[in-house]
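For reference, the structure is listed below as structure tokens.
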Amino acid sequence: MLRIAHIVNPVKAPEGSELTIVQPITFESIRIARSFATDISVELFTASYPEDHSIIPSYFHKTPDLERSIRDIPAFAGKKKLPFIKDILQRLYSSTDAEWLIYTNADIALMPQFYATVAQLIAAGYDAIVINRRRISRAYHSVSELPLMYSDIGASHPGYDCFVFHRDLLAHFSLEGICIGVPFIEVSLLHNIITRATSLKHIDDMHLTFHIGMEVMPPVDRDLYRHNRATYEQNIRPLLKPDFDSSKFPYQHLALPARMIRYALNPCYSTALMLELEGKTFMRKIKILLDEMRWRILAR
């Protein structure tokens, strides 16, 4: 039987905040999706701080409490208590021997067919799946409205907040210092998966996850944004770049001009980097062609 382990990071948010509305919807959508999946083992886990325990439903297994946060960096001592993605994923890995691991943000709800669809994609041979969410109206406020949310097709979203991958890939990820809840968490996870996966499925046209709220790029803490960006660009990307290959990045089914427009518009990709990678791929193809021509001449 296929075994999947899924982890989220619940937060006991202040009363009246958006998360107090969204998280119960997320939790219930996950429970329903698990019940919908037949012939699949789906284990549900959380990684949280002790003060967050009271909001976690009983059908989630609590992993050992998180010990570090961005506040441990002196410059960010007064910031929101955001954990590091590496700590969350390591707790998931250590808490299960399921072959397939999933991480989603705590504000990402699942469609009922989510796990069943993931299982079929795994059966098709993919060792990693990255799923873009749909955006729906903020008009929804209650778990009782989930049928209406399921029926709301909403709009697409360019960002990444749902990651499925084989557990063996995690040992090769470079994620130290990246905190969740701030841009460049998705870039760091995405680029690790692109680099380390053998067969990646990028989904931006299926109705599998959704988020309440239509904003594409909400306001962010500029200090934490700069931290995550610098950590990625200075520490993580140099480790991954030797293994970057443009053919493994999304949008390869498009012609080069259309591909580059997508990369330029999506903040998860550096236009300069993608131009560099596309150039290397082009030159490699030219070399292969020239080598073949030389060999055919010599073979006469």
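Quick notes on this one:
- Failed condition for Pro14, given (1) modelled with pLDDT of 95 or more; (2) in a loop (DSSP other than H, G, I, E, B): (1)
- Residue that is part of a strand (DSSP E or B) and either under 22 Å from Pro10 (Cα atoms) or not charged (D, E, K, R) (or both), where the choices are Ile102, Ile122, Ile88: Ile102
- Criterion applied to Tyr225, Tyr232 was being surrounded by 19 or more Cβ atoms within 10 Å (Cβ to Cβ) and touching a residue at least 24 places away in the same chain (Cβ under 8 Å), and the one residue passing it is Tyr232.
- The one condition from (1) assigned by TED's automatic domain parsing to the domain that holds Phe36; (2) loosely packed, with under 11 Cβ neighbours inside 10 Å; (3) within 30 Å of Thr117 (Cβ to Cβ) that His253 does not meet is (1).
- Residue count for the stretch 48-80, restricted to those that are in a loop (DSSP other than H, G, I, E, B), surrounded by fewer than 16 Cβ atoms within 10 Å (Cβ to Cβ) and not β-branched (Val, Ile, Thr): 10
- Residue-level check: of (1) farther than 25 Å from Arg222 by Cα; (2) part of a helix (DSSP H, G or I); (3) touching a strand residue (DSSP E or B) at 6+ places or on another chain (Cβ under 8 Å), Ser94 misses just (3).
- Comparison of Arg222, Arg237, Arg259, Arg226 shows that the only residue that is in the same structural domain as Thr281 (by TED's automatic domain parsing) and either modelled with pLDDT under 95 or farther than 21 Å from Ala47 by Cα (or both) is Arg259.
- Within the span defined as the stretch 194-208, one or more residues are touching a Leu at 6+ places or on another chain (Cβ under 7 Å), of a type in the set (Val, Ile, Thr) and closer than 20 Å to Phe244 by Cβ.
- Scanning the stretch 22-47 for residues that are within 19 Å of the chain's Cα centre (by Cα) and part of a loop (DSSP other than H, G, I, E, B) yields a single hit, Ala47.
- The set of residues in the stretch 149-192 that are within 22 Å of Glu215 (Cα to Cα), out of contact with any strand residue (DSSP E or B) (no Cβ under 9 Å at 6 or more places or on another chain) and among the aliphatic types (A, V, I, L, M) comprises Val182, Val187.
- Test: residue in the stretch 151-160 that is more than 25 Å from Tyr263 (Cβ to Cβ), without any contact (Cβ under 8 Å) to a residue 40 or more places away in the chain and in the same structural domain as Leu110 (by TED's automatic domain parsing): yes
- Residues that are part of a strand (DSSP E or B) and within 16 Å of the chain's Cα centre (by Cα), drawn from the stretch 136-157: Ser156
- Test: residue in the stretch 180-193 that is in contact with a Gly (Cβ under 9 Å, 6 or more places away or on another chain) and among the hydrophobic types (A, V, I, L, M, F, W, C): no
- Whichever residue in the stretch 235-246 is under 23 Å from Thr198 (Cβ atoms) and out of contact with any helix residue (DSSP H, G or I) (no Cβ under 6 Å at 6 or more places or on another chain) and, among such residues, is surrounded by the fewest Cβ atoms within 10 Å (Cβ to Cβ): Pro242
The values are calculated or read from the model by the stated rules, or taken from the named source; none is laboratory data. Please read all numbers here as calculations on a predicted model, not as lab measurements. Positions of Cβ are generated from backbone atoms using ideal geometry, with glycine treated the same way; all protein chains shown enter the neighbour counts.
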